[in-house]
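Please read the structure below before turning to the comments.
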Amino acid sequence: MYSHGGKRDKMKVSSNFILQEFVPKEIYSKWGEKSIWFVPKRNILLAQFFRDRFGHTTVNDWHNGGQYNYSGFRPPECKVGAELSQHRFCNADDFKFSKVTIQEVYEDVIKNFDLYSKYGLTTIENITATLTWLHCDFRNTNQKELLIINP
């Protein structure tokens, strides 16, 4: 969606999320609403599930003047994270929560993995290394159990 003044409007991708929450500013500035090409539906569905389950959930907030720009898709030129991070394939999102602790969400994912796996979630990072966000990704693990990795 574009306004007549050439500015880009916020593109809603679910009942509570806009596209800008999944891609960095430079990608959205270049591609606009075509940035949706880089965001698999499963990322949006899991984010919406988190928001419905726990209240306010954030991936990126750069579009509101916030600090998070690379918590979703990370383009090749991005220097944040590992060279072959799942973020580079738009296969991961780092979620922040304001109404519950990361520990509570982490334990809920472990306890109720069957619910989360329906959205394609296969992997989370051990929160001892990520105290303020929960890394969730969709990598192919070829297993039915939740994979917990150490960054």
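Just so you know, all these numbers are worked out from the coordinates, no wet-lab data involved. These numbers were taken from a predicted model, which means no experiment stands behind them. Cβ: placed from backbone, ideal geometry, glycine included. Neighbour counts: every protein chain shown.
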- Query: Cα axis of helix 102-111 to longest principal axis of the chain: angle in degrees, 0 to 90, nearest 10?
  - Reply: 60 degrees
- Placed amide H near His135: partners under 5 Å, 5+ positions off or other chain: Phe95, Glu125
- Message: Nearest 10 degrees is fine. How inclined is helix 41-54 to the longest principal axis of the chain, computing both from alpha carbons?
- Response: 70 degrees
- Ordered by number, the trypsin sites (Lys or Arg not before Pro) in the range 48-81 that occupy a DSSP loop and have at most 15 other Cβ atoms within 10 Å are Lys79
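For the range 1-99, run through the GluC sites (Glu not before Pro) and keep only the ones in DSSP coil with at most 10 other Cβ atoms within 10 Å of their Cβ.
When the GluC sites (Glu not before Pro) of the range 1-99 are filtered for loop state and at most 10 Cβ neighbours within 10 Å, Glu77, Glu83 remain.
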- Query: Once you list every other residue whose beta carbon is under 14 Å from the beta carbon of Asp108, what net charge do they have if Lys and Arg are +1 and Asp and Glu are -1?
  - Reply: 0
- Task: For each pair in Lys34/Lys99; Lys10/Lys99; Lys12/Lys99; Lys25/Lys96, compute the distance between the two Cα atoms and list the pairs where it is over 27 Å.
- Result: Lys34/Lys99
- Note on the structure: By Cβ neighbour count within 10 Å, fewest first, Cys90, Cys78, Cys136 rank Cys78, Cys90, Cys136
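Which net charge results when you count Lys and Arg as +1 and Asp and Glu as -1 among the other residues whose beta-carbon is under 14 Å from that of Thr57?
Summing Lys/Arg as +1 and Asp/Glu as -1 gives -3.
Suppose only helical runs count, i.e. DSSP H with n ≥ 4. What mean residue ellipticity at 222 nm does that imply for the chain under -39500 (n - 2.57) per run, divided by all residues and rounded to the nearest 500 deg cm²/dmol? Before the final figure, lay out the partial values.
Values: 4 runs with 36 residues, N = 151.
Calculated at 222 nm, the ellipticity per residue is -6500 deg cm²/dmol.
According to the Cα gyration tensor, what semi-axes, each the square root of 5 times an eigenvalue, does the equivalent ellipsoid of the chain have, listed from largest to smallest in whole Å?
Values for the chain, descending: 26, 17, 14 Å.
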- Task: Positive end of the charge dipole of the chain (Lys, Arg +1 and Asp, Glu -1 on Cβ, about the Cα centre): tell me which of Ala47, Asn64, Gln86 has its Cα farthest that way.
- Result: Asn64
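Contact order normalised by length for the range 19-149, with contacts defined as Cα pairs under 8 Å and 6 or more residues apart; what percent is it?
Result for the range 19-149 is 23 percent.
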- Using the Karplus equation 6.51 cos²θ - 1.76 cosθ + 1.60 (θ = phi - 60°), what ³J(HN,Hα) coupling, rounded to whole Hz, does each residue of the range 141-151 give in order, writing x for Gly and Pro? 9, 6, 9, 9, 8, 5, 9, 10, 10, 10, x
- Note on the structure: Note, Gln48: beta-carbon cut-off 13 Å, +1 each Lys/Arg, -1 each Asp/Glu, net +3
- trypsin sites (Lys or Arg not before Pro) within the range 103-151, DSSP loop, no more than 15 other Cβ atoms inside 10 Å: Lys118, Arg139, Lys144
